[in-house]
Amino acid sequence: MNLKSITLAALVITLGTPGLANARPGHGMRHAQPSFEDFDKDSNGAITQAEIALFHAEKFTQTDTNADGFLELSELIARMNDGKDDTHRGHFAKRMEHKMEHMISRADTDNDGMLSQDEAAARGQGKMFERLDTDENGAISQEEWQTRSDNHHGKDHRDD
């Protein structure tokens, strides 16, 4: 599994990571993104494509609670709801369930209603790694990651 092929797995799997939910008034639930340290498996201060693939493979395995090698809608919903009380469900959960159903239907190439790791991986990351690796050295530094994080949160750093 390469970086360009893990968008769906990353999105679906990180949606339900316990303990990462942050409420945002008027916007329902919002989930924190994995940290630099979550991806930097060897703690060398740089994230490689292999480390990103490993992170997502681990999350896929954690979400695949029946260990059959497939992600079913019920597993994705359980992951999304893990650690949340009933006040965090309701309309938001229904919307997310609908979005997950749509993502599964788009990626489920054999139409079995589940996602294999290969099917989940087939949804491309686009040029995400290349955009983050601004010095083109084949790894994302903490500085490059922070720029991504700052941009993701809508901060404008043109004057920095």
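Values quoted throughout were computed directly from the atomic coordinates according to the rules given, and no laboratory measurement underlies them. What you see is a predicted model; the values in this text were computed from it and never measured. No Cβ is skipped: glycine too gets one built from the backbone with ideal geometry, and neighbour counts run over all protein chains shown.
Tabulated data
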{"item": "Theoretical gain in end-to-end length, Arg131 to Asp150 [0.36 nm per residue, Cα-Cα removed]", "result": "5.4 nm"}
{"item": "Neighbour-count order for Thr63, Thr48, fewest beta carbons within 10 angstrom listed first", "result": "Thr48, Thr63"}
{"item": "Asp68/His102 FRET efficiency (R0 22 Å; Cβ-Cβ; nearest 0.05)", "result": "0.50"}
{"item": "Residues Leu132, Leu76, Leu115, Leu54 arranged by fewest to most Cβ contacts within 10 Å", "result": "Leu54, Leu132, Leu76, Leu115"}
{"item": "Neighbour-count ranking [beta-carbon atoms within 10 angstrom, fewest first] of Thr134, Thr147", "result": "Thr134, Thr147"}
